[in-house]
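Trainee: First, the structure itself, so that you have it in front of you.
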Amino acid sequence: MTAEQNRELTERAARHAALGDASRLRIVDLLTLSDLSPTEIGVALGLPSNLVAHHLQVLESLGMVTRSRSEGDRRRNYVRLTPTALTGLTPGRTARASRVVFVCTANSARSQLAAALWAERSSIPAASGGTHPADQIAPGAAAVAARHALPLQDAEPRSLDAVLAKTDFVVTVCDNAHEELDVAGDLHWSIPDPVRVGTDDAFDHAYDELERRITELAPRLAAS
């Protein structure tokens, strides 16, 4: 871990620790919607002024809140969240990639859908491959893509050996492929095989899970 990564992790830990107190978490919740005076915060939380002052001091020391003088009653302050108050509470960019390759066994459903979803959410190129590619894409995968107006690029299943390069960022989306590769790859998503079940619901569930995970991963990968 670099010194910069260690610093960022320490800062995140301090903010999480501060928000581990229920009163401070509630203060931040309130400030996401409105600027409030310390008196108003005390009324909302049912806390005495000395406790409100303590909680605000903790949040202020971490750069999460700031105060401004009222333009009306100059004796009053308003507390607001800083623009970066919630920055870093979740992990930021964690890796770099020149290309992302999604892998499943048959390369007929999950990995194909994942690569197509990725192409809509990131400028980093994507591809997919299978450890034992099928003869054709699963009809259910084509159908769920059509229901979501998702274009499937290069829909013919391909062997992982023919696709994979040493510099690729690999995401296995199939337990069998992940275990066959002996935990090779950068990430693993344990997504049930919709082909095995064969229903629209199974394919919709796989699509939704892939979409959720890709939406979370895309901002955290930087192009290399």
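Trainee: Which one is modelled with the highest pLDDT among residues in the stretch 1-16 that are open to solvent by 70 Å² or more (accessible area, probe 1.4 Å) and within 20 Å of THR66 (Cα to Cα)?
Mentor: The extreme case among them is HIS16.
Trainee: Scan ALA95, ALA126 and give me the residue that is open to solvent by 20 Å² or more (accessible area, probe 1.4 Å), modelled with pLDDT under 95, of a type outside the set (Ser, Thr, Tyr) and on the phi < 0 side of the Ramachandran plot.
Mentor: ALA95
Trainee: Using the structure shown, decide if THR87 is free of Cβ contacts under 8 Å to residues at least 60 places away in the same chain, β-branched (Val, Ile, Thr), more than 30 Å from ASP193 (Cα to Cα) and open to solvent by 60 Å² or more (accessible area, probe 1.4 Å).
Mentor: Answer is yes for this residue.
Trainee: Further, regarding this structure: Given the structure, is THR215 under 17 Å from LEU117 (Cβ atoms), open to solvent by less than 20 Å² (accessible area, probe 1.4 Å), modelled with pLDDT under 95 and of a type outside the set (A, V, I, L, M, F, W, C)?
Mentor: Criteria not met by THR215.
Trainee: Scan (1) closer than 25 Å to ARG220 by Cα; (2) open to solvent by 60 Å² or more (accessible area, probe 1.4 Å); (3) not in a loop (DSSP other than H, G, I, E, B) for the single condition ALA44 breaks and write down its number.
Mentor: (1)
Trainee: Between VAL28, VAL79, which is β-branched (Val, Ile, Thr), assigned to a strand (DSSP E or B) and open to solvent by less than 80 Å² (accessible area, probe 1.4 Å)?
Mentor: Answer to the check: VAL79.
Trainee: If a residue must be among the aliphatic types (A, V, I, L, M) and touching a residue at least 24 places away in the same chain (Cβ under 8 Å), how many such residues does the stretch 20-31 contain?
Mentor: The total comes to 3.
Trainee: Same structure again: Cβ-Cβ below 6 Å, separation at least six or inter-chain, first residue in the stretch 132-149 and closer than 19 Å to ASP208 by Cβ and at pLDDT 95 or above, second part of a loop (DSSP other than H, G, I, E, B) and open to solvent by 80 Å² or more (accessible area, probe 1.4 Å): which pairs?
Mentor: none
Trainee: Right, here's the next one. Of these, GLY198, GLY185, which one is surrounded by fewer than 20 Cβ atoms within 10 Å (Cβ to Cβ), at positive phi and at pLDDT 95 or above?
Mentor: GLY198
The values are calculated or read from the model by the stated rules, or taken from the named source; none is laboratory data. Everything numeric in this text was worked out from a predicted model, so none of it was measured. Note: ideal-geometry Cβ built from the backbone for every residue, glycine included; neighbour counts use all protein chains shown. Surface areas here come from the heavy atoms of the whole protein model, side chains and all, with no ligands, DNA or RNA. Shrake-Rupley method; radii C 1.70, N 1.55, O 1.52, S 1.80 Å.
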